[in-house]
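Notes for the one structure printed next.
Nothing in this text is a laboratory measurement; each read-out follows from the coordinates by a stated rule. The shown structure was predicted, so the numbers you read here are calculated from the model rather than taken from an experiment. Every residue, glycine among them, receives a Cβ derived from its backbone with ideal geometry; neighbour counts consider all protein chains shown.
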Amino acid sequence: MSRIAATFDRLRAVRRAALVPFVTAGDPSPAHIPGMLRSLVANGADVIELGVPFSDPMADGPTIQRASERALRAGTGLAMILDAVKQYRREDDNTPIVLMGYANPIEHMGVAAFAGRAKESGVDGVLVVDYPPEESGAWVEALGAAGIDPIFLLSPTSSQARIDLVARLAKGYIYYVSLKGVTGAANIDTADVERMLARIRGRTSVPVGVGFGIRDPETARAIARFADAVVIGSRIVEEIERAEPDQAAQRAGAVLATFRAGVDAAVGDRASR
Amino acid sequence: MQMRVPVAEPRSPVAYDMPDATGHFGPYGGTFVAETLQAALEELRDAYAACRADPAFQAELAYELEHYVGRPSPVYHAKRLSDELGGAQVYLKREDLNHTGAHKVNNTMGQALVARRMGKPRVIAETGAGQHGVAAATVAARYGMECVVYMGTEDVARQAQNVYRMKLLGATVVPVTSGSRTLKDALNEAMRDWVTNVANTFYIIGTVAGPHPYPMMVRDFNAIVGKECLVQMPALAGRQPDYVLACVGGGSNAMGIFHPYIPHPGVKLVGVEAGGLGIATGRHAATLSAGSPGVLHGNRTYLMQDADGQILETHSISAGLDYPGVGPEHAWLKDSGRASYVSVTDDEALAAFHTLCRTEGIIPALESSHAVAHAMRLAPTLGRDRIVLVNLSGRGDKDMHTVAKASGLSL
C-alpha cells in the first residue's frame, strides 16, 4: 500500500483529518529542505506538500510567489529537490511527500524521466497545477508506471462533468480549492465547502483535502470536521518569510502545531464516515 | 475600397483547419491552466463559438472595423525602397494607419464585442510596451467598460507616454512588481485577477498565446489583415506575393497576415524574431529560432528557458517583441515547415527603421522594423519580378525616445 493510502487509512480509524502543510522547497534555501521536513513532521504534519518553485507561478498569490523567488534566488532546482527528498527518506520512510508545482520544469526534465527519479527519491504524489485532467494523458500514464499518485484540483466552479473527469484519474487524494482566486486569498465559507465535498464524494471514494484560505486554527478545525485533509500553505510560508533563515523551520513548525491543535479538536465533532 | 475575389492562384489551395476541437495545433496549444480557470475558459469558448457563427456579430465587428478602426488598411508598393534594394518589389501592409497606430486594435475590438455579448462590464489586459494596453483601453472607453491594465514596473518606467495614454482613456494601470517585472509577469498578474474576478471580468489577451480559445480567437480577429491582402495584392500587383514577412514576438500580427495565406502553397511565410544583441549572446527574444518546447501561460509552445525549465528574461530593443514564449500556432507552423523563422538584431532593425523613414516617409514601429530588415536582406537576393509583402504592423511614434537614445541623442 502507498504511503498516502496508508496514512488516510490510519487517520480514518481515529476519525481525524490529515494535516497537510505546504512549503516551497528551497525557501529559504535548498540546504534547509531536510530540516524543514523534519520540523513539520515533528509538529504534526501527516502529509507534506513540497512546492517546486517556478519563475511564473500563475495560480499563486503574492506570499507563495515571493517564496518561489527566494527559492530560485537560492539556486533551487527540481533535480536538487528530488535529491533532498531522497536524503530525507533515510530518516523518515512513513510521511507521504507530494510535490506540487507547474508543468514546465517537469516537462523540461521529461515526464517519464521525472516520474522514475521521483519514485526513486521516495515521492508519493505529484500535483501539477497547470496539468488539468484533459491535458494529462501521458502524465497520468507515466506516474502510474512509476507507482506515483496523480493529485488533481477541483474548485467551486468545477462542473459535474469535470468532477467526473477528475474522479476517473485521481489517486491518493483530491485537492479541493476552497475559493475562487489565488493561494493565500481571503477567508472561506465552510458551509459552501461542505456542500461541494458532498458532491465530490458522490462520485469518488478517493479522500478529499481542502486548501486555499485556511488562515487560522479555528477555520482548520471547522474544515477538519468534514474534510479528509486540511492544507495549510500561505500562513506557514508567511512565517518562513518573516524568520531568519536558520529559524525558519522551527517557526514554521510552531505555527503548524497550532493548526494541528485545531485539527485534533475536530475529532470529537466528526461523524463517523 | 472595392473588395473582389482574386481570379487565379499559382497552385490550388491546401486545406488547413487548426486548431482541433480542444485547441491543439499538433503537440502545441491546449488548455494548461489550473482548475480554477477551467469554467471561465469553457464559458468563453462557448460564447466565442456563438459569436463566430453569428452573422449579426460579424456584421457589427465589420462595421466597427470600417468606421472606428479605419479598415481596410492599404497595401502600399514601396517603390523607392525596392529600387534601393535592387531586387524584389517590396509591398507594405499598412497596419500602422489603423486607429491607435497598430494591428492590436483589430483584436481588442473583437474581444470587446465578445465581452459585451457575455455581459462582462469589466475588462483587463496585460501589456509590455503599452500598445495592447492602449488598444484595450481604447475599446473599453468606446463601450464604457471599466478597464484595468497590468504592466511590469520596468515597462511602466520605460513607456511613460503609453501609461499616460491609457490613463487619458480612463484605464487603471497596475504596476506589477513580481518576477522580472515585464510582460510575462504582467500576464501572470492578469490571470490572477481573472481567476479572482471571473464573474464580472473579461480578460483581453493581447497576443496569439494563452489557453484555448485565445490563440485561435486572437488569430481570427487579426486575420482580417491577411484576408484584405488576399484581395488587395491581385488588385495592386496582379498576383499574390512570393513571400509574406512579419515580425514575431507573441506573434499576433504575423498570425493575422499568415493565416489566410496558409492554404496558398506558392506563398512563403517568414516570421522575423527579435535577435536582440545576437543569438550567440543569449540576450535576445528569438524563441522559435533558439528556444525549446515547454508549457507557459496556458499553452505548450516554444519557450526561452534555462536548464531547470525556468523561464528566462529576454531582450529586444523593441518592447513588443520582448516575450519568452510565442503563439502555439507558430510553433506548429515551424515544425510542419509551412512557415520559417529567422531573426534580426537590434542594430539591423534600427538600420531598417532609418531606411524606411528616409526612402518612403514612413516611420515604422521598432517591432515592424524587424520585418522590414529581413525584407532588406531578402529582396536583393531575388529578381525584380518577385514580390515580398511585409506586414507593417505599427507606426513608430512610440519609439522616438528609444531610437534617439540609440543614436546618442536625448529628446
So, in Å, what gap is there between the alpha-carbon centers of the stretch B:54-105 and the stretch B:377-395?
-> 16 Å
Kirkwood Rh and Cα Rg combined as Rg/Rh, the stretch B:1-128 | 1.04
Before anything else, pin down the relative contact order of chain B: Cα pairs under 8 Å, at least 6 apart, normalised by residue count, whole percent.
-> 21 percent
Between beta-carbons, use under 14 Å as the cut-off and find the net charge around residue A:242, counting Lys and Arg +1, Asp and Glu -1.
-> -2
Rounded to whole Å and ordered largest first, report the semi-axes of the equivalent ellipsoid of the stretch A:152-249 derived from its Cα gyration tensor (root of 5λ).
-> 27, 14, 12
Rg to Rh quotient for the stretch B:144-211, alpha carbon positions, Kirkwood Rh | 0.96
Which whole number of Å³ per residue matches the convex hull of the alpha-carbon atoms in chain B?
-> 132 Å³
Just order B:383-391, B:105-113 by mean Cβ neighbour count inside 10 Å, highest at the front, would you?
-> B:105-113, B:383-391
Give a quick list of trypsin sites (Lys or Arg not before Pro) in the stretch A:1-106 that DSSP marks as loop, anything other than H, G, I, E or B, with at most 11 other Cβ atoms within 10 Å.
-> A:90
Counting alpha carbon pairs within less than 8 Å and at least 6 residues apart, what relative contact order, in whole percent, applies to the stretch B:90-156?
-> 31 percent
Averaged over peptide B:38-49, how many Cβ atoms belonging to another chain are found within 10 Å of each residue's Cβ?
-> 2
Which whole-number percentage describes the relative contact order of the stretch A:148-231, with Cα contacts under 8 Å and a sequence gap of 6 or more?
-> 30 percent
Take the Cβ-Cβ distance between residue A:189 and residue A:250 as r, set R0 to 25 Å, and report the resulting FRET efficiency rounded to the nearest 0.05.
-> 0.15
Averaged over B:306-317, number of beta-carbon atoms from partner chains that fall within 10 Å | 5
Calculated over the protein assembly as shown: convex hull of Cα atoms, volume per residue (Å³) | 150 Å³
Virtual paramagnetic centre 7 Å along Cα→Cβ of residue B:382, amide N under 16 Å, in the stretch B:55-92 | B:76-92
Of the cross-linked pairs B:79/B:268; B:79/B:104; B:167/B:405; B:104/B:227, which ones have a Cα-Cα span greater than 18 Å in the structure shown?
-> B:79/B:268; B:79/B:104; B:167/B:405
Taking the Cβ of residue A:206 as the center, what net charge do the other residues with Cβ under 11 Å away carry, scoring Lys and Arg +1 and Asp and Glu -1?
-> +2
Of B:263, B:149, B:404, whose Cα points farthest to the positive end of the dipole of the protein assembly as shown (charges on the beta-carbon: +1 Lys, Arg; -1 Asp, Glu; origin at the Cα centre)?
-> B:263
Of B:168, B:296, B:366, the one that fluctuates the most in a GNM where chain B has Cα springs shorter than 10 Å | B:168
How large is Rg over Rh for the stretch B:324-411, taking Rg from the Cα atoms and Rh as the Kirkwood inverse mean of 1/r across Cα pairs?
-> 1.02
CD proxy, 222 nm, chain B: helix-only mean residue ellipticity via -39,500 (n - 2.57) per DSSP H run with n ≥ 4, per residue, nearest 500, stands at -12500 deg cm²/dmol
Considering only the protein assembly as shown, percent of DSSP beta bridges that pair antiparallel, nearest 5 | 20 percent
Determine the sum of side-chain charges near residue B:303: Lys and Arg each +1, Asp and Glu each -1, restricted to other residues whose C-beta is under 11 angstrom from that of residue B:303.
-> -1
Computed over the stretch A:36-152, the convex hull of the Cα set has an average projected area, in nm², of 7.2 nm²
Starting from the alpha-carbon convex hull of the stretch A:3-269, give the projected area averaged over all orientations, in nm².
-> 12.2 nm²
Counting only DSSP beta bridges with both residues in chain B, what percent are antiparallel, rounded to the nearest 5?
-> 30 percent
